[in-house]
Structures are given as C-alpha cells and as structure tokens.
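Asker: Please find one structure pasted underneath; my questions will follow.
The values are calculated or read from the model by the stated rules, or taken from the named source; none is laboratory data. Everything quoted here is computed from the prediction, not taken from an experiment. Because the Cβ atoms are built from the backbone with ideal geometry, glycine has one as well, and the counts that use them run over all protein chains shown. Just the protein is used for accessible areas: all its heavy atoms, side chains included, with ligands, DNA and RNA removed. Shrake-Rupley method; radii C 1.70, N 1.55, O 1.52, S 1.80 Å.
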Amino acid sequence: MNASASVPASAETLRSALGGLLDGLPPKQAASAVERLIANYRGRTPTDAPVLRDRSDVAAYAAYRMPATFEAVRSALDALAEAAPQWSPGSHVDVGGGTGAATWAVDATWDGPRGTTVLDWAEPALALGRELAASSGSEVLRAAEWRRAVIGSGLALPEADLVTVSYVLGELTPEARRAVVAEAARAGQAVVLIEPGTPEGYLRIREARDQLIAAGLKVAAPCPHDGTCPIEVGQDWCHFSARVSRSSLHRKVKGGSLPYEDEKFSYVAATRFPVEPVPSRITRKPQIRKGLVLLELCGPEGEGLTRATVTKRHGDLYKAARDADWGQEWPPATR
C-alpha cells in the first residue's frame, strides 16, 4: 500500500535511495562507525547523548541499519493495521526518527495524504533524511518536516494520529525514557514503540507497554490483551523477526555469504480508538515436523503462554499452520 499517488515507499525504493551513500567515505571509517553503532545497539555506550555524531556516522547508520529498521517497523505497523483495518493515520510524528526509516515504513503501510514530522537531536541525521526523502519519489516523504529536538525529558510533541518511537528508548536514561513514552501517549491517537529484540529491549518495551496502558491506551499488537505480560522476566523475552536483504556494507562488516539476515525486534502498538487484537499470536518460529506443526502462542488474558500441536487431522488448519509465520495471528483470520 502506498501513502501517496506517487512512487510507493518500499524496501526496494529505500535501497535505491541509499545507493551510493558511502561513496567517498573510506571503508575503514564506515566500518568503524558501524562497529560503534553496533556497540550502542547492544547497550554498551552512554545513554545521555546523541548516537549519530557526524556525516560519516549517519551515512554508516543509514546504509547499515536503515533497511533493518524499516523492515522491523513495517512489521509492527502491519500488525497495527490488521488490528484497525478501517483506520489510516492522517498525521505522523516520528520521535528520534534519525534518517527516517520509520517514516518510510509508515508510507509503505497506509494510503492517503498525511502530514509527517520527523524529530531528532542530530542535525546530520535530519539532513541526510531530507536528502533521502527528496529522492524517494513519494510526495508524502518529500513533504515531511524534519526538525531538530532534544529527545528526552521536556520533549513536547504536536498531537498526531500516529506517533512512532523506534530504536530510541535504549539511547535514553530511564527518566528520559519514561518522559518520552508519557509524551507519546499524550500526543498520539496510536503509539508504536520498537526496540531491538534483545532481553533488554524487551524489558524496555514491557515497561513502556505498562505505561501506555496506565495512560488509558489499549494494546493493539502484539499482545491479545491489556493484562500483565505472562512471560517470566529472566526466563524468556517477547520478540519477533523481519527478513532484511543484506547490503554490501553488511557483508563487509559481518562477513558471510547469505544475501539476507533476520532482524530481531520487540514492539508494542497501542491506541485510543477501538481495535480488534488477534485471538492469539505466534511467539516463535513454527516448528514443522512430519505430519504436524508445533506452535508457541500468547493467548487471551488468563490463558497466557500455550503450545498448540496442529496435525493432518486438522485439515485446512494444518495447511494454514504449515504456512504460518512467527508473529502472525492464530488461528488465521477468515477475512
């Protein structure tokens, strides 16, 4: 689905826009910037300063991380769109949006005109985001407003149909994190938060989920309910996976020959308007065995985490189970 009558935002158009971004940047400098960004992603850098410091950082981030962020955010937005099939955001604020991956993902998810504002504390990221948007072919992206803002305590957001905060909470101190989530809950009719699919990222999402519910929002995805998360902290964590085509920089930094990798992420989508959460959600990659499929599920409040075994005796449901994917609803909707 395209958010304008112009060229759709997609993984392909994003890769095209990113083409040549590292031209003129020494490979060692790009790799060094990427390694530092990976360290931050894993939570080993300070959480009270912007992560993207200069053009080389931003170029490395965009080339290395933007496609993965795009796919993770788009997966989370798809789940929100499934829970609210008649809803489409007329305005969007992307908090800590950097070079705009989440904005591209929103543009790839919903049709129609939309006012978009991207906020970030790093001017080099905003500048590159404008540059990429200008080459996107999307009227919505080209018309987006890119504004410098301190992401933390004291943040003031314009009211919007949709507020996204992706891969940002881990950069903040706990106090700033709570302030940003509170402001997103105040300003947005729908709020989507995405973090790395690590135990630490899940805990940040879990805390934010509780905060959104306390602020009066209802969980649209991934959870089937607004109750306490049934996962025992320290024993497991809720996360999902999105497939990402590897760029040349991915291959240089990580090695390996596969043309893709899987981006693990945790997320929550919550709204102030009615939604239809899934009856249950598949929380791990389905295990396909001879004549059966094993599904791990998160179900309605009170049911918690369950396992389902679907065999050939289940007929069409068995066929659906074989085609089911991690993160999808179960049983499949008959829309």
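Asker: Which numbered condition in (1) part of a strand (DSSP E or B); (2) out of contact with any Gly (no Cβ under 9 Å at 6 or more places or on another chain) is the only one that Ser153 fails?
Answerer: (1)
Asker: Something else now. Could you list, in sequence order, all residues of the stretch 227-245 that are closer than 28 Å to Ala63 by Cα and among the charged types (D, E, K, R)? First the steps, then the outcome.
Answerer: Narrowing the stretch 227-245 to residues closer than 28 Å to Ala63 by Cα: 238-245.
Within the stretch 227-245, just Arg243 meets the criteria.
Asker: Starting from the stretch 226-246, keep only residues that are more than 21 Å from Pro286 (Cβ to Cβ) and open to solvent by 50 Å² or more (accessible area, probe 1.4 Å), then list their pairs with residues that are modelled with pLDDT under 95 and outside any loop (DSSP other than H, G, I, E, B) whose Cβ atoms are within a distance under 8 Å, requiring at least 6 positions of separation or different chains.
Answerer: Within 8 Å, the pairs are Ser245/Ala11; Ser245/Arg15; Ser245/Pro67; Ser245/Tyr260.
Asker: Further question: Against the definition (at pLDDT 95 or above, closer than 24 Å to Phe265 by Cα and not in a loop (DSSP other than H, G, I, E, B)), how does Leu126 come out, yes or no?
Answerer: On the way: at pLDDT 95 or above: no; closer than 24 Å to Phe265 by Cα: yes; not in a loop (DSSP other than H, G, I, E, B): yes.
It is false that Leu126 is at pLDDT 95 or above, closer than 24 Å to Phe265 by Cα and not in a loop (DSSP other than H, G, I, E, B).
Let's see how each residue does on (1) farther than 16 Å from His225 by Cβ; (2) surrounded by 19 or more Cβ atoms within 10 Å (Cβ to Cβ); (3) among the β-branched types (Val, Ile, Thr):
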position	(1), (2), (3)
Pro277	no, yes, no
Gln287	yes, no, no
Leu294	yes, no, no
Cys298	no, yes, no
Gly304	no, no, no
Arg307	yes, no, no
His314	yes, no, no
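Asker: So Ser153 fits all but one of (1) in contact (Cβ under 8 Å) with a residue 40 or more places away in the chain; (2) over 20 Å from Arg74 (Cβ atoms); what number is the exception?
Answerer: (1)
Asker: Looking at the stretch 180-225 only, could you name the residues that are under 19 Å from the mean Cα position of the chain (by Cα), farther than 18 Å from Ala79 by Cβ and open to solvent by 10 Å² or more (accessible area, probe 1.4 Å)?
Answerer: The answer is Ala182, Glu183, Thr198, Pro199, Glu200, Leu203, Arg204, Glu207, Asp210, Gln211.
Asker: Might you check whether a residue that is under 13 Å from the mean Cα position of the chain (by Cα), of a type in the set (Val, Ile, Thr) and surrounded by fewer than 24 Cβ atoms within 10 Å (Cβ to Cβ) occurs anywhere in the stretch 87-99?
Answerer: No, every residue in the stretch 87-99 fails to be under 13 Å from the mean Cα position of the chain (by Cα), of a type in the set (Val, Ile, Thr) and surrounded by fewer than 24 Cβ atoms within 10 Å (Cβ to Cβ).
Asker: Residues Ala214, Ala185: which one is touching a helix residue (DSSP H, G or I) at 6+ places or on another chain (Cβ under 7 Å), farther than 17 Å from Glu276 by Cα and among the aliphatic types (A, V, I, L, M)?
Answerer: Exactly one of Ala214, Ala185 is touching a helix residue (DSSP H, G or I) at 6+ places or on another chain (Cβ under 7 Å), farther than 17 Å from Glu276 by Cα and among the aliphatic types (A, V, I, L, M), namely Ala185.
Asker: Can you report the number of residues in the stretch 137-148 which are open to solvent by less than 10 Å² (accessible area, probe 1.4 Å) and over 14 Å from His92 (Cβ atoms)?
Answerer: Residues flagged as open to solvent by less than 10 Å² (accessible area, probe 1.4 Å) and over 14 Å from His92 (Cβ atoms) within the stretch 137-148 amount to 0.
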